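Report on one structure; see the data block that follows.
The values are calculated or read from the model by the stated rules, or taken from the named source; none is laboratory data. Worth saying up front: this structure is predicted, and the values here are computed from it rather than measured. Backbone-built Cβ (ideal geometry, glycine too); neighbour counts: all protein chains shown. Just the protein is used for accessible areas: all its heavy atoms, side chains included, with ligands, DNA and RNA removed. Shrake-Rupley method; radii C 1.70, N 1.55, O 1.52, S 1.80 Å.
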Amino acid sequence: MMVCWPYFDPEFDNLPERIYGPPCRVCIDNDSMEECTVIKVDSVNKQGILLEVVQVLTNINLTILKSYISSDAGWFMDVFHVQDEHGDKIRDQNVINYILQAIGTVREIENTVKAMAYRNDVFNNSDQLSEHTAIEMKGTDRPGLFSEISAALADLHCNIVEAHAWSHNARLACVAYISDQSTDTPIDDPHRLATIEGHLTTVLRATTTPTQSESEIASPQEVKTAEFGEGTNMTDVERRLHQLMLSAGDFHRPEFEAMTPPPSSRLDGDEEGRKMVVSIENCHEKWYSIVSIECKDRPRLMFDIVCTLTDMQYVIFHASISSRDGRSLQEYFIRHVDGYALSSESEKEKVIKCLEAAIERRVCEGVRLELSAENRVGLLSDITRVLRENGLSVVRADVKTQGEKAVNAFYLKDILGNEVDTDVVESVKKEMDDVIDFEVKNDGGGSSTQQGGCLSSSPPQRSPGFFSLG
């Protein structure tokens, strides 16, 4: 007896790709340029694709020297000139495989397993964080607030596995990953989550003082808890911090800075005293709004700008990014998602303020303090309490758990926002000796510009002083 089966061409599944081309092509070229690697991306265009590509590159600490972007006619074409964190071309095949796997939507690549292994090595805490509860906070900042948040979580029997906090223009945004103190498992009881949210909301609302303006009091105080899920993985934390700061209104300058120069003429930390300039003009012939930015260059600058434009519901059609003599020149041709250019001066003014805030909020000028100690419940609360009692305010924090070790990095200023005196740091060291078990590894002078390795996925920017307690 003969059994006949219908014939299917094995290449049938690839037919759409053969007709229309793959949905995304990625080419990594190490031969065209002497000092950098050229990455070319061709893809079907969609809202947010540029941010996705830039995020992949910045998450593995690549520096974007130049970029040319075009996304007309439904097709996205982009060229990046990049270097690794050591200023060299990308030579590591694992990194190349990871970029191909992360950006390209090809069906198979030869070293997919190696690429994913490299990703897990870069984001070695992603699996650990997937077993914990995410909590987000935003509101008006004040000296000692991060310490009070840490103490509140300790009182609620929550173990802080990881936390990242940004402070800018009297606003605070924090993303933390917590677990139950006794079981080290996610907290999923709705009543307990409601208690945690209510307690932390009370801490945030206590920020309001009689001296604050109405606009400051109106700043949203919000706490949100959820089990770790899609959209809360570690590669998205920095974008989430941008979103929280934006929604908290950190682009508004606090009342006490009213007498300082307006944002458009503010210095951006350049040693030569040059200004950060953000301007917008309309190209009426093509119905674009052209955003021009000149500021001091730094790692992740393009990510911060693209992230903000995307989250404000603008589509980037063309862009040109270059760096020269430590200055970054960026130009974006944008429209709102509804297809129109920026129509009013008030809308332009808001976009300018939001972009200036995005450029500034990652840059921390203050003493960077690194601590590494045996991890235990309440450790972060004890550390931040000592900092608060010594008149130090945390303007940025990156807290991580690596095995049995807690690795913390803090950017500090005094409660008035001034630089921290070296004697105060020495006093903190002595007092912490009674709180945590550590050894001093090295100690930079108060006016030193030495920078330490970053303990989170974002490299340090500017740090007048650096201290490491290992």
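The table below lists the values:
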quantity	calculated
Residue, farthest from residue 61 (Cα to Cα), within the stretch 12-25, restricted to residues that are modelled with pLDDT of 55 or more and open to solvent by 30 Å² or more (accessible area, probe 1.4 Å)	23
Single unsatisfied condition, residue 411 versus (1) among the hydroxyl-bearing types (Ser, Thr, Tyr); (2) at pLDDT below 90; (3) assigned to a strand (DSSP E or B)	(2)
Search result, residues across the stretch 360-408 that are over 21 Å from the mean Cα position of the chain (by Cα), open to solvent by 40 Å² or more (accessible area, probe 1.4 Å) and more than 19 Å from residue 144 (Cα to Cα)	374, 375, 376, 377, 403, 404, 405
Criterion: free of Cβ contacts under 8 Å to residues at least 12 places away in the same chain and of a type in the set (Lys, Arg) - qualifying residue of 324, 361	324
Exclusive hit being among the charged types (D, E, K, R), open to solvent by less than 10 Å² (accessible area, probe 1.4 Å) and modelled with pLDDT of 90 or more, set 197, 162, 148	162
Residue 167 at pLDDT below 95, at negative phi and surrounded by 20 or more Cβ atoms within 10 Å (Cβ to Cβ)	yes
Matching residues in the stretch 27-45 - criterion: being without any contact (Cβ under 8 Å) to a residue 24 or more places away in the chain and either open to solvent by 40 Å² or more (accessible area, probe 1.4 Å) or closer than 25 Å to residue 240 by Cα (or both)	27, 31, 32, 34
Yes/no for residue 270 being in contact with a strand residue (DSSP E or B) (Cβ under 9 Å, 6 or more places away or on another chain) and at pLDDT 90 or above	no
Single condition residue 416 does not satisfy, out of (1) open to solvent by 60 Å² or more (accessible area, probe 1.4 Å); (2) modelled with pLDDT of 85 or more; (3) aliphatic (A, V, I, L, M)	(2)
Residues of the stretch 49-87 satisfying the condition of being part of a loop (DSSP other than H, G, I, E, B), open to solvent by 20 Å² or more (accessible area, probe 1.4 Å) and of a type in the set (Gly, Ala, Ser)	87
Yes/no for residue 213 being in contact with a helix residue (DSSP H, G or I) (Cβ under 9 Å, 6 or more places away or on another chain), surrounded by fewer than 16 Cβ atoms within 10 Å (Cβ to Cβ), farther than 30 Å from residue 55 by Cα and modelled with pLDDT under 95	yes
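For every residue, the table says whether it meets (1) closer than 30 Å to residue 84 by Cβ; (2) outside any strand (DSSP E or B); (3) touching a strand residue (DSSP E or B) at 6+ places or on another chain (Cβ under 6 Å); (4) of a type in the set (Ser, Thr, Tyr).
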site: 304; (1), (2), (3), (4): yes, yes, no, no
site: 310; (1), (2), (3), (4): yes, yes, no, yes
site: 330; (1), (2), (3), (4): yes, no, yes, no
site: 338; (1), (2), (3), (4): no, yes, no, no
site: 348; (1), (2), (3), (4): no, yes, yes, no
